[in-house]
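The values are calculated or read from the model by the stated rules, or taken from the named source; none is laboratory data. Keep in mind that what you see is a predicted model, and the values were worked out from it rather than measured. Reconstructed Cβ throughout: ideal geometry from the backbone, glycine too, with neighbour counts over all protein chains shown. In case anyone asks, the SASA skips ligands and DNA or RNA and just uses the protein heavy atoms, side chains included. Shrake-Rupley method; radii C 1.70, N 1.55, O 1.52, S 1.80 Å.
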Amino acid sequence: MKDNRLTVNLAGLKLANPTILASGILGYSAETLESIVAGGAGAVVTKSVGLKPRVGYANPTVVQVDCGLINAMGLPNPGIGEFVKEIRQAKKVLNVPLIVSVYGFSEEEYAAVSKKAADAGADALELNVSCPHVKETGSEIGQKPEILSKVVKTVKDAVDKPVFVKLSPNVTSIADIAEAAAKTGADALTAINTVKAMAIDPETTMPILGNKFGGLSGSAIKPIAVRCVYDIYERVKVPIIGCGGIADWRDAVEFFLAGASAVQIGTAIATKGSNVFRTVTRGLNAYLKRKGFKNVGEIVGLSHRY
Amino acid sequence: MVRLLGYHIATNKLRTTQIQSIKTETQTVKTFAFKDKLCAKAKPGQFLMLWIPGVDEIPFSILDAREDGSVAVAVRKVGEATSALHNKRIGEIIGIRGPFGNGFTAKKGKVLMVAGGTGVFPLLFLSRKIKPKATRLVFIIGAKTREELFFIDEIERFCGKENVVASTEDGSYGVKCLASESLELLLCKEKFDMIYTCGPELMMRKVLDLAEKHGIALEASLERLMRCAIGLCGSCVIGKYRVCRDGPIFSAQQLIKVKTEFGKFKRDFDGRKISF
């Protein structure tokens, strides 16, 4: 009999296991997405794509700190016009759901890019309303519930694919924002994007990143992300995708217990390679078996009993 | 098992260091030396990210790394960042990450280096390491003009003039032809065990085709847009490979798998494929 312990139905997407490649990591081409799937990912999210090409910021775009990475890539992407080719190619070669990450500078732009991505074959859209370092998009939209609601509604009206919303932790109450997104039709919420951060070099006294500010990822933000997922789970009914500092199965379990139905992994690929998806999945499976759970869904939100 | 707290790649941490010496090699090339314990352990073919504070951070193949902790990179003035570096003086601060990437594998036997332009830099480092083991070492070096045959005097001294085939496109030094044409002539006369190549990708593509034709093993050093240098951002991908993590040195077997891209396309700052 087929073992269904790890299968997840995520807002209509059927995942063989609940690990997903986070947006912004690799994800330019079908071939790199394929190599991530070979590492065991249950689904993949592309790099964020917008209406027009963007070159991103000058280097340094990534700086390592003691407990994570700060990046300010600046959303480099070839624009949806060019990217539809990669989406079509990815759909041919991938045997897991393909989620296209979308950003825009207005609700119309979000909708236009989403529609083109959906028409090219994206299985779902993930709205990047949480990039902490690009003006007039990302978290500048995700920090304002009224604007976010308009974006979600406009995209929902434009496409008939599931729409995920990736939330920023750089807000007073992430649960309020989550509620606004869910009320206007978000099918799932991804929590969280990177935390706004910076690093300064003592010798030169200069901010290191070309953009000065960036987003912190990696294990430093895991406790913040777990708390965000926990808060959101108390307020909304739509599925939550946990993201932030997941590097092994214990991290993943923590997110499920807080209320996540799936998890995204990004930064850990630098240290563990794409096989991190397989090792997390195996560890998770062993944990569920040992604890007597028949499906990962049974542990979602368990810690809320206390 | 100890679980590492946090996220850490030792070589990826940015270190600041002072420029110790600057040597003018040609009108457009200077060699910068500085102390860095981690990069001093680099293997030939590995690269580092050099931060020019307030300007940019760019990748350089390592020209030399010594046990006393000193590291050298040769820098050709081609744009804003390299010009800013050329204007620096001894004692000024730069930032270093690395060494990154895999490096060449040192083979014994009859070895051939094929360098084009600035591609000579990592191959010079490799030559110093493998010369004691090689039964024969021949250096083919090509450039547009005599002025761009970087380190030619040093290579001729080091390998012996009879083991150096220099070619220039304008005929101002050596043979008037492309380095790949010199290679083709040589391979018709003599058998080698290994070819190491670095230079313009169109040249390396021809070298790969010749190596395949003559059944000779090959390693090539690739250059792509580098941002993170740790395999996350995707700026440097060629086919299924990340040049920063899976390379920058690739074998003929690997390059054959990405033949539709190698020597054909690279990615621009916005991730679009652009042809060479």
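If you go through region A:173-226 and pick out every residue that is touching a Lys or Arg at 6+ places or on another chain (Cβ under 8 Å), open to solvent by 40 Å² or more (accessible area, probe 1.4 Å) and over 23 Å from A:GLY259 (Cα atoms), you end up with 2. Residue pairs whose Cβ atoms lie under 9 Å apart, sitting 6 or more positions apart in sequence or on different chains, and linking a residue in region A:269-293 that is without any contact (Cβ under 8 Å) to a residue 60 or more places away in the chain and within 12 Å of chain B (Cβ to nearest Cβ) to a partner that is aliphatic (A, V, I, L, M) and open to solvent by 30 Å² or more (accessible area, probe 1.4 Å), are A:THR271/B:LEU4; A:THR271/B:ILE9. Restricting attention to region B:202-222 and to residues that are small (Gly, Ala, Ser) and part of a strand (DSSP E or B), the residue that is farthest from the other protein chains (Cβ to nearest Cβ) turns out to be B:ALA217.
Based on what the data block shows, is B:GLY117 touching an Asp or Glu at 6+ places or on another chain (Cβ under 8 Å) and either closer than 30 Å to B:LEU14 by Cβ or open to solvent by less than 60 Å² (accessible area, probe 1.4 Å) (or both)? Criteria met by B:GLY117. The set of residues in region B:223-255 that are assigned to a helix (DSSP H, G or I) and at the interface with another protein chain (Cβ under 7 Å from one of its Cβ atoms) is empty.
Tell me whether region B:243-266 contains one or more residues that are open to solvent by 20 Å² or more (accessible area, probe 1.4 Å), of a type in the set (Gly, Ala, Ser) and without any contact (Cβ under 8 Å) to a residue 60 or more places away in the chain. Within region B:243-266, one or more residues are open to solvent by 20 Å² or more (accessible area, probe 1.4 Å), of a type in the set (Gly, Ala, Ser) and without any contact (Cβ under 8 Å) to a residue 60 or more places away in the chain. For the criterion of being crowded, with 16+ Cβ neighbours inside 10 Å, more than 10 Å from every other protein chain (Cβ to nearest Cβ) and more than 26 Å from A:TYR28 (Cα to Cα), B:SER172 fails. In the set (1) in contact with a Gly (Cβ under 6 Å, 6 or more places away or on another chain); (2) among the hydrophobic types (A, V, I, L, M, F, W, C); (3) within 18 Å of B:ARG267 (Cβ to Cβ), A:VAL49 fails one condition alone, (1). All of A:ALA117, A:ALA112, A:ALA122, A:ALA90 fail the test of being open to solvent by 10 Å² or more (accessible area, probe 1.4 Å) and either touching a Leu at 6+ places or on another chain (Cβ under 7 Å) or in a strand (DSSP E or B) (or both), apart from A:ALA112. Selection of region B:55-71 for residues being of a type outside the set (D, E, K, R) and out of contact with any Ser or Thr (no Cβ under 8 Å at 6 or more places or on another chain) yields B:VAL55, B:PRO59, B:PHE60, B:ILE62, B:ALA65, B:GLY69, B:SER70, B:VAL71. Counting the residues of region B:27-59 that are among the polar types (S, T, N, Q) and either surrounded by fewer than 16 Cβ atoms within 10 Å (Cβ to Cβ) or assigned to a strand (DSSP E or B) (or both) gives 2.
Are any residues in region B:120-144 in a loop (DSSP other than H, G, I, E, B) and either in contact with a Lys or Arg (Cβ under 7 Å, 6 or more places away or on another chain) or buried (at least 23 other Cβ atoms within 10 Å of the Cβ) (or both), and if so, which ones? Full working, then the answer.
Quick first cut of region B:120-144, residues in a loop (DSSP other than H, G, I, E, B) only: B:131-133, B:144.
Correct list: B:LYS133 only.
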